[in-house]
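*Asks:* Structure below; questions to follow.
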Amino acid sequence: MATAVLRVKLIGGDRMDITYDDPGISDQDTLLEHVISTLAQDSGTLRTTHGDRLVVIYGRGVAAIEFAPRGAVV
């Protein structure tokens, strides 16, 4: 299972670090391509976590994504 931390910049200017994992994907490159292609769709959504909370990210609200395999760049 591939896991990554994404720093998402929202259209409104807010940023948040979220964790995304997918049990069907085993490598980081494929996971990143999956995230990008999902959020590029008009109805694209990702089920992610922020701490112990479930967060659903909608592609229409995302302005940018930073990707880090072991954690967000601080």
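The values are calculated or read from the model by the stated rules, or taken from the named source; none is laboratory data. Computed from a prediction, not measured in an experiment: that's the story for all the values here. Reconstructed Cβ throughout: ideal geometry from the backbone, glycine too, with neighbour counts over all protein chains shown.
Residue by residue, here is whether (1) hydroxyl-bearing (Ser, Thr, Tyr); (2) over 11 Å from Gly59 (Cα atoms) holds:
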| position | (1), (2) |
| --- | --- |
| Pro23 | no, yes |
| Ser26 | yes, yes |
| Glu33 | no, yes |
| Thr45 | yes, no |
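*Asks:* Among the residues of segment 49-59, write down those that are surrounded by 12 or more Cβ atoms within 10 Å (Cβ to Cβ) and either aliphatic (A, V, I, L, M) or in contact (Cβ under 8 Å) with a residue 40 or more places away in the chain (or both).
*Replies:* The answer is Val55, Ile57.
*Asks:* Output the residues belonging to segment 26-42 that are outside any helix (DSSP H, G or I) and at pLDDT 90 or above.
*Replies:* Correct list: Gln41 only.
*Asks:* Hey, could you check segment 1-13 for residues that are closer than 11 Å to Ala64 by Cα and assigned to a loop (DSSP other than H, G, I, E, B) and say which is farthest from the chain's Cα centre (by Cα)?
*Replies:* Gly13
*Asks:* Sticking with this structure for a sec: Which ones in segment 22-48 are exposed (fewer than 14 other Cβ atoms within 10 Å of the Cβ), of a type in the set (Asp, Glu) and either closer than 12 Å to Phe67 by Cα or touching a strand residue (DSSP E or B) at 6+ places or on another chain (Cβ under 9 Å) (or both)?
*Replies:* Those that are exposed (fewer than 14 other Cβ atoms within 10 Å of the Cβ), of a type in the set (Asp, Glu) and either closer than 12 Å to Phe67 by Cα or touching a strand residue (DSSP E or B) at 6+ places or on another chain (Cβ under 9 Å) (or both): Asp27, Asp29, Glu33.
*Asks:* So Phe67 clears everything in (1) hydrophobic (A, V, I, L, M, F, W, C); (2) in contact with a helix residue (DSSP H, G or I) (Cβ under 8 Å, 6 or more places away or on another chain); (3) modelled with pLDDT of 90 or more except one condition, right? Which one?
*Replies:* Phe67 satisfies all of (1) hydrophobic (A, V, I, L, M, F, W, C); (2) in contact with a helix residue (DSSP H, G or I) (Cβ under 8 Å, 6 or more places away or on another chain); (3) modelled with pLDDT of 90 or more except (3).
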